[in-house]
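Undergrad: For reference, the structure I am asking about is given below.
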Amino acid sequence: MKLEITQNENSITGILEGRLDTAASQQFATDMMPLLDNADKHIILDCEKLEFISSSGLRLFLSLRKATISKGGDVTIKGVTPEIKQVFTITGFYSLFIFK
């Protein structure tokens, strides 16, 4: 699992690549700290290269959403594959995020 973070004046983008499974989620939790530190901004999670997400990965997405809500920011998820979208839909998480 790889996370690349880019930032501009109004938003911060996390580009996810690989598999966000249980084994990778612990490192991802550490790697996503800059996103949490900027929870007052518009955060974009670019999931175009995300191959898989487990319940541990979903939990981390949810923790980021909670942080942005409390600090006045928001999270947009873009580029999800049909398989990843299905995971969000089945778990009921699809309605919690903005998808583009």
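The values are calculated or read from the model by the stated rules, or taken from the named source; none is laboratory data. Note that the structure is predicted; figures quoted are calculated from it, not measured. When we count neighbours, we look across all protein chains shown, and the Cβ atoms used for this are built from the backbone with ideal geometry, even at glycine. The area values use the complete protein model at the heavy-atom level, side chains included, leaving out ligands, DNA and RNA. Shrake-Rupley method; radii C 1.70, N 1.55, O 1.52, S 1.80 Å.
Undergrad: What's the carbon and sulfur percent of the range 11-55's accessible surface, probe 1.4 angstrom, rounded to a whole number?
TA: Numbers: 1030 of 2130 Å².
Exposed carbon and sulfur together represent 49 percent of the surface.
Undergrad: Further, regarding this structure: Which value, to two decimals, describes the C-alpha radius of gyration of the chain once divided by 2.2 N^0.38 Å?
TA: Ratio of Cα Rg to 2.2 N^0.38 Å: 0.96.
Undergrad: Right, here's the next one. How much FRET efficiency would the formula 1/(1 + (r/R0)^6) give for Glu9 and Asp40, where r is the Cβ-Cβ distance and R0 is 22 Å, rounded to 0.05? Don't skip to the end; give the middle numbers.
TA: Numbers: r = 13 Å, r/R0 = 0.61.
For Glu9 and Asp40, the calculated efficiency is 0.95.
Undergrad: Sort 43-54, 73-84, 22-33 by packing, meaning the average of other beta carbons within 10 Å per residue, with the highest value first. Provide the component values of the computation, followed by the final result.
TA: Values: 43-54: 19.0, 73-84: 16.7, 22-33: 14.8.
In decreasing order of mean packing, 43-54, 73-84, 22-33 become 43-54, 73-84, 22-33.
Undergrad: Next question, about the same structure. Could you work out the local net charge near Phe99, counting Lys and Arg as +1, Asp and Glu as -1, over the other residues with Cβ closer than 11 Å to its Cβ?
TA: +3
Undergrad: Rounded to the nearest whole Å², what accessible area per residue is found for the chain with the 1.4 Å probe? If you can, show how the numbers build up before the last one.
TA: On the way: 5550 Å² over 100 residues.
On a per-residue basis, 56 Å².
Undergrad: Test of understanding: extend the Cα→C-beta vector of Lys49 to 7 Å, then name every residue of the range 1-22 with backbone N under 13 Å from that spot.
TA: It comes to 1-6, 14-19, nothing else.
Undergrad: Would you check the chain for Lys pairs whose C-alpha atoms are within less than 18 Å, ignoring same-chain pairs closer than 8 in sequence, and give me the count?
TA: Step by step, the pairs that qualify in the chain add up to 11.
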